[in-house]
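The values are calculated or read from the model by the stated rules, or taken from the named source; none is laboratory data. Keep in mind that this is a model prediction, so the values were computed, not measured. FYI the Cβ positions are ideal-geometry reconstructions off the backbone, even for glycines, and counts take in every protein chain you see.
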Amino acid sequence: MHLLMLALPFALRDLTFPEIEDITSQIAKPWHRLHDRVVVPPVDPSRKILEALYTFMEWYLTVRMPEIGVSKLLSLFDSGDELVETLKRVFPDRDGKETGWKIGKCHDIVHVAQNIALFGWSENTSGEWGEHSHIDLLKCLAKLTNNKDIFSQLASWHDRAGQRQQELQAESNHTGSEGNADDSQQQSWCRTKGNSPCELAVTYPLLHAAMHFKDLKYSIGSNKKGKGRYILDVRALPADRVPQLDLVKEHPMLNHLPTALGVFAFDFLQNKLGLNQQQEPTVAQANEVLTNNMIDTKLRTFACLTLKLPGCQGVQRIRSFPFGPNDLFHGRNRRPTVFVIPPKRFSKTSYSSFKLEGPVDVKKLWIGRVELLFTCSFNHQDQRIPCDLALISFLYPFDLPEAIGPLQRLAGCQMYYDPAPRHWLRLVPVSYIIGR
C-alpha cells in the first residue's frame, strides 16, 4: 500500500486528457447539437486531483518518518489542516450533490500529530477499534455528546454504589449476629448487580479509593506459599560482577537495585536506622548503609500486590513478572503504571500528613511503572525492620505546549514519557502506591 501511494501521482498524470480532448473536438464539429450554444469547455480535473494528492503525499511521508523532530511535529498540525481544506476544495460534492463533507475518517488527520507526541511513531497507533474511547475521554470532557454526559453518569453511579457498600458493611457490623440473614441477602444483591471482585473494572470505585488511600489494605502474594517467586542476593546484583546472574541479564534494572536500596534507607528509615542526612546520599553512602544495616542480604520477590478498600467489593491487583519467558502473566509482563506518594524529601509532606483532595494534590503524585516487587529486612541494634517494597521506574511529565491536545488543555490531564535508556529508579514501600 505504501508503494502504491508513492506511484499514484505518476499513474494519475494526464489520465483523463484523451477523454477531454475527444469531447472538445466533438463539440467543435458543425453537426453536434451543442455546436451553436455557449458551452463552457470541459476542464481536466486531474490537475486539481494531483494538487490534492501532492498535499497528501507531503503530509503522509512526514507522518511515516521513523524519527521526527519537534519542528516537523509542529508543522504537522498546520499541514493536517491544510490537507483537509484542500480535499474539501478539490472534492466539494458528494454523490453528485453539494451536501458538504461529513466523512468521519477525515477528522482523524488532525489527531495524528498528537498521537506521535504521545506514542512516538504513527506505526505505534491505530484508530480502527477505539472510537468509543474517543467519546468517553475527549467528547464527554468537552461536553460534546449531545447532552449525554456518560462519563459523569458512570462516575456518579459507581460513587453511589461504593457508598451503598459501605453502608451495608457498617450496618452489618452494627447489627452483629442478629442481621446475618439480611446481610447475606444484601451482599448477594451486590454481587449479582455487578459489584463482584475484579482486576480494575469500572465497578471498583477508583477515585474514592485513591482519596481514602490511608484506609487501603495491602496484601502480597506469590505462587510459592509466601516464600516468594525468586530469591536474590544483593551482593550478587551489581553490574560489574562476573559472571552476571541470568536474572540480571533478563532484567537489567536489577543492576541499580543495591544503590536504590541504600537510597531507600535514607528516604524512609532515617529515624529507625539512626541516620541524619537531608541531602541525597552518594553511592558510597548508600552502599555503606547496606553493609552496616543488612545482615540478611536476601531479597524475596513476590508477584502480586493487592489493594482493597474496606466496605467496597472489588480489588486492584498490581503484578510484576519481569524474569524472562518462563515468568510471565498471560504471556507478558505488563509493568502496570501506578500513582505513588513521593518521599518526604521531595514533597515536604510526610505520609501521615499527605492529603488527596483536589488537582493541586494530584500534581504532587509521581507516576511510574512497577519493575519488581519484593520483601527484605534491615537491622539496627539487634532490631529487625521488615520491608515490603516496589522498585519503580518513574516517568517524566511532558511539557511541550505546542503538542498539548484538547484532553490536556480542557481537562487538565498530564502527559508523561519514559526517559529511556536512563531510567529514574526509586524504591518505595508498597503502602505508598495508592492505585493504578
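Filtering Pro238, Pro281, Pro258 for residues that are at pLDDT 85 or above, surrounded by 14 or more Cβ atoms within 10 Å (Cβ to Cβ) and in a loop (DSSP other than H, G, I, E, B) leaves a single hit, Pro281. From the list Arg384, Arg319, the one residue that fits, being within 26 Å of Leu273 (Cα to Cα) and of a type in the set (Lys, Arg), is Arg384.
Taking into account only those residues within region 338-361 that are surrounded by 14 or more Cβ atoms within 10 Å (Cβ to Cβ) and of a type in the set (Val, Ile, Thr), which is nearest to the chain's Cα centre (by Cα)? Across region 338-361, the extreme among qualifying residues is Val338. Taking the criterion of being in contact with a helix residue (DSSP H, G or I) (Cβ under 9 Å, 6 or more places away or on another chain), closer than 22 Å to Asp215 by Cβ and not small (Gly, Ala, Ser), the residues of region 327-360 that qualify are Phe339, Val340, Ile341, Pro342, Pro343, Lys344, Tyr351, Phe354, Lys355, Leu356, Glu357. Of all residues in region 61-74 being more than 19 Å from Phe398 (Cα to Cα) and surrounded by fewer than 17 Cβ atoms within 10 Å (Cβ to Cβ), which is modelled with the lowest pLDDT? So the residue we want is Pro66. When region 252-285 is filtered for residues that are under 32 Å from the mean Cα position of the chain (by Cα) and small (Gly, Ala, Ser), the ones remaining, listed by number, are Ala260, Gly262, Ala265.
Just so you know, in region 320-337 the residues that are assigned to a strand (DSSP E or B) and free of Cβ contacts under 8 Å to residues at least 40 places away in the same chain include one that is surrounded by the most Cβ atoms within 10 Å (Cβ to Cβ), and it is Phe329. Of all the residues in region 82-124, those that are among the acidic types (Asp, Glu), modelled with pLDDT of 80 or more and out of contact with any helix residue (DSSP H, G or I) (no Cβ under 7 Å at 6 or more places or on another chain) number 1.
Residue count for region 17-40, restricted to those that are closer than 23 Å to Val90 by Cβ and at pLDDT 70 or above: 7.
Counting the residues of region 195-221 that are aromatic (Phe, Trp, Tyr) and either modelled with pLDDT under 80 or surrounded by fewer than 19 Cβ atoms within 10 Å (Cβ to Cβ) (or both) gives 2.
Of everything listed in (1) without any contact (Cβ under 8 Å) to a residue 60 or more places away in the chain; (2) crowded, with 18+ Cβ neighbours inside 10 Å, the single unmet condition for Leu427 is (1). If you go through region 290-319 and keep only what is in a strand (DSSP E or B), over 23 Å from the mean Cα position of the chain (by Cα) and not hydrophobic (A, V, I, L, M, F, W, C), you end up with Lys298, Arg300, Thr301. Just one of (1) under 21 Å from Ala117 (Cα atoms); (2) among the acidic types (Asp, Glu); (3) modelled with pLDDT of 85 or more fails for Asp418. It is (3).
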